[in-house]
Amino acid sequence: KLIVYPKVKRIQLFDIVNDPWEMKDLSGNPANAALIASLYGQLTQWQTRISDKLVLDPASFGIKA
């Protein structure tokens, strides 16, 4: 599960299968960079589909698009 906080430019990543209470944020682990980029891409595609006008700049979250 990827959570994006646009106002504070923060993201969180959780493995909800193994951590359903979302106690361990995995976003700081460089090994998860590709997964974060993929989920972020899916989020922006969903924004387009539903005409969400909020601009989420990947660079502001440290994501290499």
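Assorted remarks:
- So VAL8, is it open to solvent by 90 Å² or more (accessible area, probe 1.4 Å), among the β-branched types (Val, Ile, Thr) and out of contact with any Cys (no Cβ under 9 Å at 6 or more places or on another chain): yes
- The set of residues from the stretch 22-37 being surrounded by 13 or more Cβ atoms within 10 Å (Cβ to Cβ) and either part of a helix (DSSP H, G or I) or in contact with a Leu (Cβ under 8 Å, 6 or more places away or on another chain) (or both) comprises ASP25, LEU26, SER27, ASN32, ALA33, LEU35, ILE36, ALA37.
- Pairing residues of the stretch 44-56 that are part of a helix (DSSP H, G or I) with residues that are loosely packed, with under 10 Cβ neighbours inside 10 Å, at Cβ distances under 6 Å and at least 6 apart in sequence or on separate chains, gives no pairs at all.
- Flag for ASP19 being open to solvent by less than 70 Å² (accessible area, probe 1.4 Å), touching a residue at least 12 places away in the same chain (Cβ under 8 Å) and in a loop (DSSP other than H, G, I, E, B): no
The values are calculated or read from the model by the stated rules, or taken from the named source; none is laboratory data. No experiment lies behind these values; they were computed from the predicted model shown. Cβ coordinates were reconstructed from backbone atoms using ideal geometry, including for glycine residues, and neighbour counts include every protein chain displayed. Each accessible area value is taken on the protein alone, full model and side chains, heavy atoms only, with ligands, DNA and RNA left out. Shrake-Rupley method; radii C 1.70, N 1.55, O 1.52, S 1.80 Å.
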